[in-house]
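Data first, discussion second: the structure below is written as structure tokens.
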Amino acid sequence: MHRKLGAKMVDFGGWDMPVEYPASGGLVKEHLAVRSGVGMFDVSHMGDILIRGPQALDAVQWISMNDASKLQEGQAHYSALLYPEGTFVDDVIVHKMGQNDYLLVINAGTREKDHSWVRKNVSKFRCHADDVGDYYTQIAIQGPKAQATLQKLTNIDLSQIKNYWFKHGTVCNLPNTLIARTGYTAEDGFEIYVPSDVPTSERVWNEVTEAGKEFSIVPCGLGARNTLRLEGKMALYGHEISDTINVLEAALDRYCKMEKADFVGKAALEKVKAAGVKRILVGLEAVDRGIPRDGYKVFDAQGTEIGYVTSGSPAPFLKKNIALAYVPPQHSEIGHEVFVEIRGQKVKCKVVPTPFYKRPKKA
Amino acid sequence: MAYPKDYKYTKEHEWIQVKGNTATVGITDHAQESLGDIVFVELPKVGAQVEAGKSFGTVESVKAVSELYAPASGKVVEVNESLNQGPEAVNQDAHKAWMIKLELTNPSQADGLMSADDYEKYVAEEK
């Protein structure tokens, strides 16, 4: 399908995925379309785990760090699955589908690991965890014109769905389709979950394309997805979060509810909190000419290596070279200068507030 | 985009146009297309020596860094400074947006590189 659109493809976690669509103008055009109009992404590689049963809530509370008891039916939130060490199995979006019914949307690269980890950790509860990822094609429609685009294709009044809430409705004549106001672009938008058979997926893709035509919708690849999420400081597994990075280091503690009942990783995080972290995630902006990229080393003014870049790239909307990096807390103050080594040269960068990009509030 | 007949081409997707003992060097249209939006070009200083087959700089798109390989050896006599401010010129017309000019050590060194026709075949096979 994407090849028909002339996409450049790449293997991503075992999925053959489009990086960018030269026909839509390439990565930068795709990125800007999402910031100013609308873009669409095939994100079917994301995994889906359903947890159902009389103790589904207890199970979700045990395996994830956010407080799912606060969720109402039709509401979702950002959370994470943790190892006993307080480090990440994965980050997830938890959707409360019904009283005893939760949907966890997980990453592609970690799908099998996540599923076996979830099954193992919910086994003491009366519930069942099913990997239902193969049943759905997930399409993200993102940007200020996302609502106007999708509204043409559904009977649900989308203006009634708040950020991080979802509804079921008819989309492209497909009844009972999950429509969530979620995304990974730091922009307004929706994610829809449609049956994964090829004719249906292609039909929906084409209908969204047609509906978005008047707003100059473009198909977007993984490249733009990455730069959009980076501008919004959204974590990517294997970069900002991993099995060796804990919640406090990743500065995701506001999604981690220490006051709720016990959960995997809690005890370790209490210890980390008491002792203080040795490194913390900061946002960097290059002051001198140069592009900090994933894995580059970070140095202090004296030339001592102090950390590394987890994700770095030119930011197409902000038109700056930005990065996320782990550095010791004493180097994390806003305005602090550090140096990123780029092909042997130390390029001056400064710590800046994050997220780098925040979408304008609706008038 | 047509590949100029009076240029020679490398397997690493640079072009070289030789005039007497000087030469102009850039990257091919195929290269710019594969790289995508070019946002940064790092070139040597005037007076630097470059060696055939060795890196003389880098070109960066939003998503990746690529080395630039010299099609021939020589001394850098001019650098296209306008690419510092406007690297997107390479995307717009890669065969005009030159990067460096060289005083060639051996003016016939580039003779063995690919012709426009050979390069087009080479690119077609690579796809």
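Calculate the dipole size of region B:8-126 relative to its Cα centre from +1 charges on Lys and Arg beta carbons and -1 charges on Asp and Glu beta carbons; express the result in debye to the nearest 20.
Approximately 440 debye in magnitude.
Under a GNM of chain A (C-alpha, springs under 10 Å), which listed residue has the highest mean-square fluctuation: A:61, A:75, A:160?
Among A:61, A:75, A:160, the largest mean-square fluctuation in the Gaussian network model of chain A belongs to A:160.
Just report the Cα centroid separation between region A:237-303 and region A:152-190, whole Å.
After rounding, the separation between the Cα centres reads 32 Å.
Per-residue HN-Hα couplings for region A:260-273, Karplus 6.51 cos²θ - 1.76 cosθ + 1.60 at θ = phi - 60°, whole Hz, x for Gly and Pro?
Rounded to whole hertz, the list is 6, 4, 4, 8, 4, x, 4, 4, 5, 5, 4, 5, 4, 4.
Please find, in a Gaussian network model of chain A (springs between Cα atoms separated by less than 10 Å), the residue of A:154, A:177, A:244 whose mean-square fluctuation is greatest.
Looking only at A:154, A:177, A:244, the biggest GNM fluctuation is shown by A:244.
Considering only the other residues whose Cβ falls under 11 Å of the Cβ of residue A:126, what net charge follows from Lys and Arg at +1 and Asp and Glu at -1?
Numbers: positive: A:52, A:124; negative: A:58.
Neighbourhood net charge equals +1.
Taking each pair of distinct Cα atoms in region A:80-225 once, what is the resulting Kirkwood hydrodynamic radius in Å? Before the final figure, lay out each step's value.
Working: mean 1/r = 0.0601 Å⁻¹.
Hydrodynamic radius (Kirkwood, Cα only) of region A:80-225 equals 16.6 Å.
Along the charge dipole of chain B, which of B:85, B:105, B:35 sits closest to the positive end, that is, farthest toward it, with unit charges on the beta carbon of Lys, Arg, Asp and Glu (+1, +1, -1, -1)?
B:105
Could you tell me what fraction of 2.2 N^0.38 Å the Cα radius of gyration of region A:147-208 comes to, as a two-decimal ratio?
Numbers: Rg = 11.2 Å, N = 62, 2.2 N^0.38 = 10.6 Å.
In units of the 2.2 N^0.38 Å rule of thumb, it is 1.06.
Once amide H atoms are placed 1.01 Å from N in the peptide plane, what residues at a sequence separation of 5 or more from residue A:241, or on another chain, have their amide H within under 5 Å of its amide H?
HN-HN under 5 Å from residue A:241: A:236.
With a bin width of 10 angstrom, please list the P(r) values of the protein assembly as shown as percents of all Cα-Cα pairs, from the 0 bin to the one holding the largest distance.
4, 18, 25, 24, 17, 9, 4, 1, 0
Net charge near residue A:163: determine it from the other residues with C-beta under 9 Å of the C-beta of residue A:163, scoring Lys and Arg +1 and Asp and Glu -1.
Once all neighbours under 9 Å are counted, the net charge is +1.
Measuring from label point to label point, each 7 Å out along Cα→Cβ, what is the residue A:214 to residue A:155 span in nm?
2.3
Using helices alone, what [θ] at 222 nm do you get for chain A, with -39,500 (n - 2.57) per DSSP H run of 4 or more residues, divided over all residues and rounded to the nearest 500?
One gets -5500 deg cm²/dmol as the mean residue ellipticity at 222 nm.
Rounded to the nearest 20 Debye, what is the dipole magnitude of chain A about its Cα centre when Lys and Arg each give +1 and Asp and Glu each give -1 at the C-beta?
800
Are there GluC sites (Glu not before Pro) in region A:256-363 that DSSP marks as loop and that have at most 14 other Cβ atoms within 10 Å, and which are they?
Here the sparse-neighbourhood loop sites are A:259, A:333.
How high is the relative contact order of chain A, in percent, counting Cα pairs under 8 Å that sit 6 or more residues apart?
Relative CO of chain A lands at 18 percent.
How charged is the neighbourhood of residue A:69? Take every other residue with its Cβ under 13 Å from the Cβ of residue A:69, and add Lys/Arg as +1 and Asp/Glu as -1.
0
Normalise the Cα radius of gyration of chain B by 2.2 N^0.38 Å (N = residues in it) and let me know the number. All intermediate terms of the calculation are to be shown ahead of the outcome.
On the way: Rg = 13.4 Å, N = 127, 2.2 N^0.38 = 13.9 Å.
Working it through for chain B, the quotient is 0.96.
Which value in nm describes the separation of the simple spin-label points at residue A:99 and residue A:202, placed 7 Å from the Cα toward the beta carbon?
Label-label distance for residue A:99 and residue A:202, simple model: 4.4 nm.
Within region B:21-62, which residues have the backbone N less than 16 Å from the label spot 7 Å out from residue A:10 along Cα→beta-carbon, could you tell me?
Label zone hits: B:33-39, B:60-62.
Roughly what would the spin-label model give for residue B:124 and residue A:120, points 7 Å off Cα along C-beta, in nm?
Calculated label separation equals 5.4 nm.
In a Gaussian network model over chain A where Cα atoms closer than 10 Å are linked, find which of A:123, A:216, A:196 has the largest mean-square fluctuation.
A:123
Given N residues in region A:70-128, what is Rg(Cα) / (2.2 N^0.38 Å)? Mind showing how you got there, number by number?
Numbers: Rg = 11.8 Å, N = 59, 2.2 N^0.38 = 10.4 Å.
Normalised by 2.2 N^0.38 Å, the Cα Rg of region A:70-128 equals 1.14.
Restricting to DSSP H runs of at least four residues, report the calculated mean residue ellipticity at 222 nm for chain B, -39500 (n - 2.57) per run over all residues, nearest 500 deg cm²/dmol.
Value at 222 nm, helices only: -5000 deg cm²/dmol.
Out of region A:71-145, which trypsin sites (Lys or Arg not before Pro) are coil in DSSP terms and have no more than 13 other C-beta atoms within 10 Å?
Of the trypsin sites (Lys or Arg not before Pro), the ones in loops of region A:71-145 whose Cβ has at most 13 other Cβ atoms within 10 Å are A:124, A:126.
Given Cα positions, please report Rg to Rh for region A:278-352, the hydrodynamic radius being the Kirkwood one.
Result for region A:278-352 is an Rg/Rh of 0.92.
Which pairs break 18 Å Cα to Cα here: B:45/B:75; B:8/B:121; A:162/A:257; A:70/A:361; A:233/A:319?
A:162/A:257; A:70/A:361
Check each of the GluC sites (Glu not before Pro) in region B:1-103 and keep only those in coil by DSSP with at most 11 other C-beta atoms within 10 angstrom; list them in order.
Those satisfying the criteria are B:81.
Coordinate-derived values only; no laboratory data. Just so we're clear, the structure is a prediction, and the values are computed from it rather than from any experiment. In this analysis, Cβ positions are derived from the backbone assuming ideal geometry, glycine residues included, and neighbour counts consider all displayed protein chains.
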